[in-house]
Amino acid sequence: MRAIDHADIVSFRWGGLVRAVIISSAWLALMIAGLLFVPVRVEWLGVIVPLVLLQAFTYTGLFITAHDAMHGTLMPAHPRLNDLIGHLCVVLFALFSYEKLRTKHADHHRSPASDDDPDYHDGKHSGLLAWYIHFMLEYVTLGQILGMGVVFVTLWLGAGARPENVILFWAVPAILSTWQLFYFGTYLPHRQPSEGYTNRHRAQSNEYPPWLSFITCYHFGYHLEHHEHPFVPWWKLGRWRSEQRSRLRTKP
């Protein structure tokens, strides 16, 4: 695969910002609709279920946006704005510390699927649930949980949302999103294959078509390509992968 040059970086300049605005705006609009305008009643299930799933998807988008910021690809020409947006996205997601996440993510790229990888938990023998619990305990803090409690009360008593709406449209989508990020972005890519790891990144990619790759986790399942070229933003990763495969097929 070819290296990324200056022209590539320039092409990333505004694309990340535009997508960050779209994702965060969709997250906010769905949040307001769910908290204030959707009755939590059985007859509304046809609206509630799609809205919760779509909100979970926008939560995942917030995190993927922050992930690009950690790699400096969100706004490469404006590093301060890049980090500010990344910080805001993880705070909106669940009051995470951007600096802590960035440090741990650097450790993940430095030593993937090893004892020094904070995202990893015995990929050959550990079950899905045990690995997920380990994953969450690595990142969630007591202070964060207390802070989320304050947010819950603020949305309930301050914003006037009913408690059941806060649970369904604020808490549940965030939890579903952590499962989505973990399953498609950590568990599937880094669990040990039966034949053992076959590359230095100890990672593998799914073979989903681009539309399904986007729906499952914003192309984060193209994980080997991400480790090989961590400075390709999520919205370029599908096309980047296709272009590289086409070059390999046509190479004499």
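Scanning the chain for GluC sites (Glu not before Pro) in DSSP loops with at most 14 neighbouring Cβ atoms within 10 Å leaves 1-194 as the longest stretch between them.
Counting only alpha carbon atoms, the long axis of helix 98-110 and the longest principal axis of the chain meet at about 30°. You can think of it this way: the chain between Val47 and Glu195 has 48.8 nm of extra reach, that is 0.36 nm per residue less the Cα-Cα gap. Summary: within the chain, the longest segment free of chymotrypsin sites (Phe, Trp or Tyr not before Pro) located in DSSP loops with at most 12 other C-beta atoms within 10 Å is 38-252.
Among the trypsin sites (Lys or Arg not before Pro) within region 65-136, those in coil by DSSP and having at most 13 neighbouring Cβ atoms inside 10 Å are Lys124. In the chain, with Lys and Arg counted as +1 and Asp and Glu as -1 at Cβ, which of these residues, Ser213, Leu95, Pro173, has the Cα nearest the positive end of the dipole, that is, farthest along it? Positive-end residue among those listed: Ser213. The C-alpha atoms of the chain define a longest principal axis, and helix 172-182 lies at about 10 degrees to it.
With r defined as the distance between the Cβ atoms of Ser111 and Val153 and R0 fixed at 30 Å, what FRET efficiency is calculated, to the nearest 0.05?
Efficiency, rounded to the nearest 0.05: 0.15.
A Cβ-based charge dipole, computed about the Cα centre of the chain with Lys and Arg at +1 and Asp and Glu at -1, lands at about 620 debye.
Helix content alone sets the calculated 222 nm mean residue ellipticity of the chain: runs of n ≥ 4 DSSP H residues at -39500 (n - 2.57) each, divided across all residues, give -19000 deg cm²/dmol. Length gained on full extension, Leu129 to Phe231, computed as 0.36 nm times the residue gap minus the Cα-Cα distance: 33.7 nm.
Model label sites at Val40 and Ser25, defined 7 Å from Cα along the beta-carbon direction, differ in position by 3.0 nm.
Only the coordinates and a few stated rules stand behind these numbers; no lab work does. The shown structure was predicted, so the numbers you read here are calculated from the model rather than taken from an experiment. We place every Cβ from the backbone using ideal geometry, glycine too, and count neighbours over all the protein chains shown.
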